[in-house]
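Working notes, beginning with the structure itself.
The values are calculated or read from the model by the stated rules, or taken from the named source; none is laboratory data. Keep in mind the model is a prediction, meaning the values are calculated, not measured. Positions of Cβ are backbone-derived with ideal geometry, glycine not excepted, and every protein chain shown enters the neighbour counts.
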Amino acid sequence: MSGAAMVGLGVFRPRRVVGNDEICRVLDSTPEWIVRRTGISTRRFAQADETLAEMAATAGEKALADAGASPAEVDRVIIATMSHVGDDPVDLPSAVAARMGVRAPAVQVSAACSGFAVALRLAADAVTAGGARTALVIGVERMSDLLDPTDRSTAFIFSDGAGAVLVAASRRPQIGPAVMGGQPSLAEAITVRRRPELPDRGPVIRMQGPTVFRWALTELPGVVGQILDGAGLTAGEVDAFIPHQANLRIIDAVAQSTGLGGVVVARDIVEQANTSAASIPLAMERMRSSGQVKRGDLALLLGFGAGLSYAGLLATLP
Ligand code: COA
């Protein structure tokens, strides 16, 4: 065994579906504007019992079931999240592992919307190096905890959920090398911190939307090019493009400008909105359950967001 592969997939979508009309009861906007500027029609907001630990453990259990694996076979748990700021346990990864009956070491990666792709590569590294036979990667977010419902740049974009994949050793590497980087000079374009104007709130997300938009369209096509060149592939040889579900206009523009517009492109954002570190596995699951992709298809995964940062790689789908 000299490689790693995704062998199981599971997700958790919170029960409560929130339409643009509900958002616009508080926000100075219209449902049509939100659809036009972002593609988003609905999002999911987690309720009190749908904690980060609960959502992550449920998605993780489904990924194990999908792979036909048991908790005892998990050698690592890697959680990617940026919204672990509320009432959840201090040590979220251990709480998730405990809920699942997993006794292996569990850690947390904080790389915002790039988090899932970063964690996936870390999992593949651990398995390829022989330090673990399997690693469970879980992206989980309660972005609604960070939202100011009156903020015209963020209130309608973000959403809650979890997605998990089990990574296991494979004869042939099926998770490619990652292209990672970012633009630290734009670190203030997306922030999560306490706001003096909201003294009763915990940390709140703020975003310079047009700055993020411009950066994404300028930077990401080159990142996609590097990933494809590194593998010696053309865009047409990829089965699916599964970018972070930030904004439908960004997804479509990057797909078009890289030649990936001709392959199946993830558009989970329309119904699920932007779930940061959870968006790639959530999108993967919708594509698989709707028959757009199948196990073994080759996908280009691309995380990007706060940092500003990106992380992308090629991988065969579970
Ligand atoms: N509802 C209605 N109108 C709004 C609005 C809202 N929520 N927010 C801004 N506007 C208006 C502005 O007042 C402005 O009107 P004007 O032209 O009459 O002055 C106009 O829309 C354009 O404002 P701007 O701030 O330039 O908005 P935008 O077109 O850039 O759209 C975003 C805002 C947030 C949708 C857009 O910048 C975006 O999608 N950015 C990327 C965000 C993203 O993907 N983040 C995820 C990273 S992980």
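For R25, are the conditions met, namely being basic (K, R), within 14 Å of the ligand (Cβ to nearest atom) and without any contact (Cβ under 8 Å) to a residue 12 or more places away in the chain? Here the answer is yes, as R25 does meet what is asked.
The set of residues from the range 248-271 being under 18 Å from I40 (Cα atoms), of a type outside the set (D, E, K, R) and either touching a Leu at 6+ places or on another chain (Cβ under 6 Å) or modelled with pLDDT under 95 (or both) comprises A253, V254, I269.
Of the residues making up the range 134-177, those that are within 12 Å of the ligand (Cβ to nearest atom) and within 15 Å of the chain's Cα centre (by Cα) are E141, M143, I157, F158, S159.
Within the range 282-313, the residues that satisfy the criterion of being within 15 Å of the chain's Cα centre (by Cα) and either away from the ligand (no atom under 16 Å from the Cβ) or part of a helix (DSSP H, G or I) (or both) are L282, A283, M284, E285, R286, M287, A299, L300, L313. For the range 186-216, a residue qualifies if it is touching a residue at least 40 places away in the same chain (Cβ under 8 Å) and assigned to a helix (DSSP H, G or I), and the qualifying residues are L186, A187, A189, G209, V212, W215, A216. Summed over the range 27-58, residues that are assigned to a strand (DSSP E or B) and either farther than 21 Å from I251 by Cβ or of a type outside the set (K, R) (or both) total 2.
For the range 169-185, the tally of residues that are farther than 17 Å from A112 by Cβ, part of a loop (DSSP other than H, G, I, E, B) and not small (G, A, S) stands at 5.
Restricting the range 200-226 to residues that are within 19 Å of V265 (Cα to Cα) and of a type in the set (G, A, S) leaves a set whose member that is farthest from the ligand (Cβ to nearest atom) is G225.
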